[in-house]
Amino acid sequence: DAGVSIDAGNSLVEMIKPACKATRRPGCDADLGGFGGLFDLAAAGYKSEDTIIIGATDGVGTKLRVAHMTKKHESVGIDLVAMCVNDLIVAGGEPLFFLDYFATGKLDVNEAAAVVRGIAEGCSQAGCGLIGGETAEMPSMYAPGDYDLAGFSVGAVHKDKVLPQNVSAGDVLLGLPSSGVHSNGFSLVRKLVEKANLDYESACPWDKNAGTVGDSLLTPTKIYVKCCLPLLKKDMLTGLSHITGGGLLENLPRSLPSNVKAEITGHPPLPAVFSWMKQISGLDDYEMLRTFNNGVGMVLIVKSDVVDEAKTLLREAGEDVVYDLGVLTERQGDEEQVEMKCSLA
């Protein structure tokens, strides 16, 4: 017995087919079973001669350990999609389809199906089709009960609409709230839970309504696709920045030309989970800002004359809270590209 169950793999495919079919969109039927997933660019409204394909890949990191320990698996599927499609839209593109890779030592069909249902839910939130994936059962490679995930998203953008574009001094920075810690910094988060003598079944000390520590930390990463697409289609954005590992200080400069810097004057108050982590860890503002999202998951860069219209479109897309983070100014010499003019509170 090699420890690999072909029957379990076949059962999983049958179990997840309905969830995958629910992600159908123009360009794909999200049907499983072939050797490769197919996508029709023309059916999605893109002409090959003026279209650029965008690819993004990512995982969920050690947040998976929290899912393993709590035996709650669906939310990490949403995380997997979010980490890919949120990166993809930063280039100005629309996510079209998604593929996943699930690796484990011994396949638990129900556990894997829960993960894929979460992936399908994430794809539905992002408007992309789940057109395929791979389940790898590898005895001796993973400890019992462990698994790992990787995701791959592909999108498209018209050649003349790739972002960032025309970012300059005077542009305004708008921030969209995160849903929580998202999927970065969990090696530190897990250390802090241990330091505070908590486990993932403990009552949540930063949010009495959240249930347990595990429930709060497993809040899925917010997907920003559907709220940003209306602005992209109206050419209202000069840039975007997905605030992931490295925080605001390291991610925002990736979307800025070298001759401008961001002056942050209106960072929102720290959400409770970040206040708790700041207190337990003893990290100063600088280290917090280069480790966590601190309540801001996506930064939008817009021209000053369209700020009000941008906020209106965001609210129409369901974003009730939009932060006025700051502005871009001329950068002198080798100044840091993000200058905090307010403290984390």
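Listed values, structure above:
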item: Candidates Leu217, Leu231, Leu237, Leu163 - the one that is modelled with pLDDT of 95 or more, under 29 Å from Ala272 (Cβ atoms) and not charged (D, E, K, R); result: Leu217
item: Residues that are within 20 Å of Lys233 (Cα to Cα), part of a helix (DSSP H, G or I) and among the aliphatic types (A, V, I, L, M), drawn from segment 79-96; result: Val85, Leu88, Ile89
item: Where Ala156 falls short, out of the listed (1) among the small types (Gly, Ala, Ser); (2) more than 18 Å from Thr70 (Cβ to Cβ); (3) assigned to a loop (DSSP other than H, G, I, E, B); result: (3)
item: Filtered residues of segment 307-345 (kept if over 23 Å from the mean Cα position of the chain (by Cα), over 15 Å from Val172 (Cα atoms), acidic (Asp, Glu) and surrounded by 11 or more Cβ atoms within 10 Å (Cβ to Cβ)); result: Glu335, Glu336
item: Members of segment 43-94 found to be touching a residue at least 60 places away in the same chain (Cβ under 8 Å), charged (D, E, K, R) and touching a helix residue (DSSP H, G or I) at 6+ places or on another chain (Cβ under 9 Å), listed by number; result: Asp50, Asp58, Lys63, Arg65, Lys72, Asp79, Glu94
item: Looking only at segment 46-69, and only at residues there that are part of a helix (DSSP H, G or I) and of a type in the set (Asp, Glu), the one that is least open to solvent (accessible area, probe 1.4 Å); result: Asp50
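Let's see how each residue does on (1) open to solvent by less than 30 Å² (accessible area, probe 1.4 Å); (2) of a type outside the set (Gly, Ala, Ser); (3) farther than 20 Å from Val167 by Cβ; (4) part of a helix (DSSP H, G or I):
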| site | (1), (2), (3), (4) |
| --- | --- |
| Cys228 | yes, yes, no, yes |
| Leu232 | yes, yes, no, yes |
| Asp235 | no, yes, no, no |
| Gly245 | no, no, yes, no |
| Arg254 | no, yes, no, yes |
| Leu270 | yes, yes, yes, no |
| Phe274 | yes, yes, yes, yes |
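The values are calculated or read from the model by the stated rules, or taken from the named source; none is laboratory data. Fair warning: this is a prediction, and the values are worked out from it, not measured in the lab. Heads up, the Cβs are rebuilt from the backbone with ideal geometry, glycines too, and the neighbour counts pull from every protein chain shown. The protein model used for the area step is the full one, side chains on, heavy atoms only, and it has no ligands, DNA or RNA in it. Shrake-Rupley method; radii C 1.70, N 1.55, O 1.52, S 1.80 Å.
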